[in-house]
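Everything below concerns the one structure shown next.
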Amino acid sequence: MPTNYERVKAYRERKAAEDQTFYRRRTLWERYRISLEDWYALLDAQGNVCAICGTDDPGNKHGWHTDHDPITGVVRGLLCRSCNQGLGKFSDDPERLVRAADYLRRFGADDSIEGRRCAR
Ligand SMILES: [Zn+2]
């Protein structure tokens, strides 16, 4: 008689074989309570680019980061790796992010990417 672990393992393997998106769907639901269809609808609504910087490159092999409010758990958008890490480094604190932008502007950075490039 199979153990519960073996039954669960067999179930997951069968589901994965039936549906290539099984694990993706499960992860999205368990972590964010969002369906795969809603996730794609969100990406489509963003124009298939990062919700912050607008790049069409997620920045890693795993694809877009599903950004969520760490307190409420609500999904806010899909971000590239850099923007997702940036928000995390600033503790998802809007005031801190605004102060960082003000800091950069004090030293002459303008709002274009080219304005922020080092001349080296
Ligand atoms: Zn980005």
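Each residue of the range 72-82 is assigned a 3J(HN,Hα), and the resulting list reads 8, x, 5, 6, 9, x, 10, 10, 6, 4, 4 Hz, derived from the Karplus form 6.51 cos²θ - 1.76 cosθ + 1.60 (θ = phi - 60°), x at Gly and Pro.
Over the C-alpha trace of the chain, radius of gyration and Dmax come out as 19.6, 71 angstrom. Between the residues W39, A17, T72, the greatest Cα displacement towards the positive end of the dipole of the range 1-85, with unit charges on the Cβ of Lys, Arg, Asp and Glu, is found for A17. Potential lengthening of the chain between E30 and Q46 amounts to 3.5 nm, from the contour at 0.36 nm per residue minus the alpha-carbon distance. Rounded to 0.05, the FRET efficiency of the D102 and R76 pair, given R0 = 30 Å and the Cβ-Cβ distance, is 0.85. When peptides 69-75, 23-29 are ranked by their average number of other Cβ atoms within 10 Å per residue, the highest-first order is 23-29, 69-75. The amide H of H68, built 1.01 Å from its N in the peptide plane, has R76 as neighbours under 5 Å, considering only residues 5 or more places off or on other chains. Measuring r between the beta carbons of N4 and N60 and using R0 = 35 Å, the FRET efficiency lands at 0.50.
Read the figures in this text as sums done on the coordinates, not as results from a lab. Note that this is a predicted model, so its numbers are computed, not measured. When we count neighbours, we look across all protein chains shown, and the Cβ atoms used for this are built from the backbone with ideal geometry, even at glycine.
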